[in-house]
Amino acid sequence: MQATSLTLLKSNQEQGLLSYIKSVYGDIFSSECPFTEAEIDELSETNELLVYLPAKLTMQELCDLFGIRANVKFENETMIKNSMVSENQWFITSNSKTPELINETGLFAKRVYEDEGLHGMDFRRYLAFAAAFKYHFGEFPDQTYWCFLLSGSYDRSGVSMVGFDSNGVLSHHGWMRNFKAKYCGSRYIVIPPRIEILRSTKSLKRARRGNGSAEGKESSMG
């Protein structure tokens, strides 16, 4: 009976992930999710989202897929840099409607996340997150707020800031990491602690926000 229940749980999770991917990306091939059933099952308790980002899709292609209007002409924008562009990505992030660490600099937020084994977003990750957020909650996040993209970069030493304005347009600015304001915050991502789920990797611990530990820090990509 217990084995049957576990099988049903896995089947429901898989169907849920497939439904999300098809709704957001259409009929595409998706890589196996490297987060465990237990890690996925607890996301409602930790107020987090599981996000998938296919490899190589450009920022413009992602905006077109998600119906996001942006104030950026991506074909002319060469200073926005993303990480892990060639890899399919699964990551976990907060499902908060607004960014955290409001009125703290990007430098401060980056140190906080690094100390906990976490990473920041880049532009492509943020777009995938925004689409996942809308899939679950019916609206885009960070409306009238700005969010630092701490894993990407802008120009040589700058950082991108993004957010949705009151008209639902995604706005972008290149700014400095030491900027802070009452309308600007940050978002973290959790990179899986394993490449694939095997008997030898299943027990590896994922990084967690706010636990004061760097468990999962061996996932150093991104």
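We did not get these values from a lab; they are worked out from the coordinates using the rules stated. A quick note: this is a predicted structure, and the numbers were derived from the prediction, not measured. Using ideal geometry, Cβ is built from the backbone for each residue, glycine included, and neighbour counts are taken over all protein chains shown.
Annotations
- Contact order normalised by residue count of region 65-196, Cα under 8 Å, 6+ apart, percent: 37 percent
- Helix axis angle, 2-25 relative to the chain longest principal axis, alpha carbon, degrees: 30 degrees
- Residues 133, 123, 179, sorted so that the one with the fewest Cβ neighbours within 10 Å comes first: 179, 133, 123
- Sorted by Cβ density within 10 Å, fewest first, the residues 119, 172, 136: 136, 172, 119
- The chain: calculated mean residue ellipticity at 222 nm from DSSP helix runs of at least 4, using -39500 (n - 2.57): -9000 deg cm²/dmol
- Förster radius 25 Å - calculated FRET efficiency between residue 45 and residue 18 (Cβ-Cβ, nearest 0.05): 0.65
- Three-way shape label, region 56-119, alpha-carbon gyration tensor, a/c 1.5: prolate
- Label-point gap, in nm, between residue 74 and residue 179 - each point 7 angstrom along Cα→Cβ: 2.1 nm
- Simple spin-label estimate for residue 97 and residue 114 in nanometres, 7 Å along Cα-Cβ: 3.4 nm
- Working ranking of peptides 27-38, 180-191 by packing, defined as the average number of other Cβ atoms within 10 Å per residue, highest first, is 180-191, 27-38.
- Each residue of region 74-88 is assigned a 3J(HN,Hα), and the resulting list reads 4, 5, 9, 9, 10, 9, 7, 10, 10, 10, 6, 5, 8, 10, 5 Hz, derived from the Karplus form 6.51 cos²θ - 1.76 cosθ + 1.60 (θ = phi - 60°), x at Gly and Pro.
- For the peptides 195-204, 154-163, the ranking by mean Cβ contacts within 10 Å, running from highest to lowest, is 154-163, 195-204.
- Look at where the Cα atoms of region 91-129 and of region 54-69 average out, and the two centres are 20 Å apart.
- Each peptide in 77-88, 137-148 was scored by the mean count of other Cβ atoms within 10 Å over its residues; highest first, the order is 137-148, 77-88.
- Take every pair of alpha-carbon atoms less than 8 Å apart whose residues are at least six positions apart; their mean separation over the length of the chain yields a relative contact order of 24 percent.
- Amide H within-cut-off set for residue 188, under 5 Å, with H built and near neighbours excluded: 94
- The simple spin-label model puts a point 7 Å past each Cα toward its Cβ; for residue 88 and residue 156 those points are separated by 3.9 nm.
- Cα long-axis angle, helix 106-115 against the chain (0 to 90 degrees, to the nearest 10): 20 degrees
- Seen through its C-alpha gyration tensor, with square-root eigenvalues sorted a ≥ b ≥ c, the chain comes out prolate because a/c lies at 1.5 or above while a/b is bigger than b/c.
- Acute angle (nearest 10 degrees) that the helix 123-137 long axis makes with the longest principal axis of the chain, alpha-carbon atoms: 60 degrees
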